[in-house]
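Every read-out reported here was derived from the displayed coordinates using simple, explicitly stated rules and does not represent laboratory data. Just so we're clear, the structure is a prediction, and the values are computed from it rather than from any experiment. As a convention, Cβ positions derive from the backbone with ideal geometry for all residues, glycine included, and neighbour counts pool all protein chains shown.
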């Protein structure tokens, strides 16, 4: 009589369980990546406006218009450039070192039923605020 070789591989039940776990994490990544993509767009927009030489001498309305144009082309929805305070707005401060633009907001994405994924994002572009003088409306 020949000895049977040990069988190798994954059972159907094991494969289904593995598929469920991998699918769960893939779904989570699909929900989280757009939040970070939007944050990247916001950071790039603020950096571009802060580096623009015409923004240093511009008034607040013109700066907010510049930010708004960048946000529109990048499809930013979590931050409103017309709001002047945190959370969810852009704070503009003219410092002795130049223009400082700051944003502080939370992004909420529905995950499963009534469970949301929340990301907290902060970014400051341009000159840093003077020592001991935080940006107005800071958290």
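Things worth noting here:
- Cα gyration tensor of the chain - equivalent ellipsoid semi-axes, whole Å, descending: 49, 15, 14
- C-alpha long axis of helix 60-74 to longest principal axis of the chain, angle in °: 20 degrees
- Sorted peptide list for 13-24, 112-123, 71-82, 53-64, criterion being average Cβ within 10 angstrom, highest first: 71-82, 53-64, 112-123, 13-24
- Label-point gap, in nm, between residue 22 and residue 117 - each point 7 angstrom along Cα→Cβ: 1.9 nm
- C-alpha long axis of helix 12-51 to longest principal axis of the chain, angle in °: 10 degrees
- The range 26-73 - convex hull of the alpha-carbon atoms, volume per residue in Å³: 63 Å³
- The calculated FRET efficiency for the pair residue 97 and residue 62, based on their C-beta separation and a Förster distance of 25 Å, comes to about 0.80.
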